[in-house]
Amino acid sequence: MTTIDVPTEAYLGVTHPKRIKPHLSIALSNRSYLPRVDDLQSDWVAHVAAPAFALYRRRKGGARIDSFCSIGTGSGLDVLAAIELLGAQRVGLTDLHEDVVATAAGNVASNHLPSRPVTIEYGHGDLLAPLGNYNSRYALIYENLPNVPLPDGAGIANGRKSSTHVPPRVERLPELVKRQMLDLHYLALVQAKSFLLPGGAVLSTLGARVPLEVLLSLAKLAGYSPSLLTYTWKVQAVPDEVIPDHAQKQKEGFGPFHFYLAETLEKAFASVDPAKSRTDATEIERSLQAVRLDASAANEALQRGARIGHTVAVLQSELR
Ligand SMILES: C[S@@+](CC[C@H](N)C(=O)[O-])C[C@H]1O[C@@H](n2cnc3c(N)ncnc32)[C@H](O)[C@@H]1O
């Protein structure tokens, strides 16, 4: 078990946090997903989820979003972000392993302000199944699940492989979903239907290594009305693991998957206002087509020492 300090203002881009402590003390078990507090541009919560939560609330008129659930929370920082930025007072969280979830729930309990009580519902296991016994529904469900299936037979028990998930799945999946390795995102959307409050939404955080059109189809196939909330980019975290995994899967017939040189994305998104990125997304995607690298080319560039990035979409799915 280790503990890291996270300065709330810098991490969430807020001044004077009102619901969580100004300095977060985050415990991590050996299997907890590692936040990247030393490089916020490659941290999912700081760089992608927090701006998306703030925008979601603004677009809903600014009122508090009372209840929030994270599928695959890792450290619990996404839940703390939701408490601060959405004003959530009842939170649900899951992840695969008991130690990870217990540590995350402890992080939430010990880092919100005592004057702002929070009800925490949690359990370990697959997707939303661990929360079944609570009979709860949430106004917003968030997920940032991995894309790449572990090779059959590989154990996840001792690993901290944040980019991979455990096969095989018994559920039937649409062909498009399987080919583009969006399995867990699809299954989370399907399960979320039984956990959403009326008028609620699911935010799926997706490394957009496949076309935006495919991401919208993913939500439609799961029975939702989708829209993009934000379109942005990120430096590829754990590139030595994720890019070769995608290159291997692409060779096996999945994808194709697209990456970019990080400096290309830095320039392309420099003048994009995150709040307006959703309307410009298709145009940005089109303008990047000529400079994209498929997974094999990205892997070769990585071996030559290039810094690789990928676009990121936050997909907002509402029940029809
Ligand atoms: C990329 S990390 C995201 C962590 C955190 N939610 C964030 O946004 O920074 C993916 C998380 O999903 C968890 N995970 C993977 N497969 C899962 C499953 N089937 N059910 C629940 N959680 C899962 C992993 O253990 C990991 O903590």
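Quick note: the coordinates plus some simple rules give every number you see, no bench work behind them. All figures in this text were calculated on a predicted structure; none of them were measured in a lab. Ideal geometry is used to build each Cβ from the backbone, glycine not excepted, and the neighbour counts take in all protein chains shown.
Ordered from longest to shortest, the equivalent ellipsoid semi-axes for region 1-132 are 20, 18, 14 Å, each the square root of 5 times a Cα gyration tensor eigenvalue.
When only Cα pairs below 8 angstrom with a gap of at least 6 residues are kept, the chain shows a relative contact order of 17 percent.
Convex hull volume of the C-alpha atoms in the chain, normalised per residue: 129 Å³.
Shape class for region 262-307, computed from the alpha carbon gyration tensor (a ≥ b ≥ c): prolate, with a/c not under 1.5 and a/b above b/c.
Both radii come from the Cα set of region 42-101: Rg as radius of gyration, Rh as Kirkwood radius; their ratio Rg/Rh reads 0.99.
Compared with the direct C-alpha span, the chain from residue 21 to residue 173 gains 50.5 nm at full extension, assuming 0.36 nm per residue.
Within straight-line reach of residue 267, meaning a Cα separation under 17 Å, sit the following aspartates and glutamates at least 8 residues removed in sequence or on another chain: 280, 283, 285. Residues 185, 246, ranked from the fewest to the most other C-beta atoms within 10 Å, line up as 185, 246.
Give the order of 73, 8, 311 when sorted by the count of other beta carbons within 10 angstrom, beginning with the fewest.
Going from least to most buried by this count: 8, 311, 73.
Comparing 115, 29, 296 in a Gaussian network model of the chain, where Cα atoms under 10 Å apart are tied by springs, the biggest mean-square fluctuation is seen for 115.
By the rule of a C-alpha distance below 18 Å, with chain neighbours fewer than 8 residues away ignored, the aspartates and glutamates paired with residue 249 are 152, 175, 183, 240, 241, 294, 300.
Straight-line reach only, C-alpha to C-alpha below 20 angstrom: list the aspartates and glutamates that residue 21 could link to, leaving out same-chain residues fewer than 8 apart. Correct list for residue 21: 5, 9, 38, 43, 66, 78, 84.
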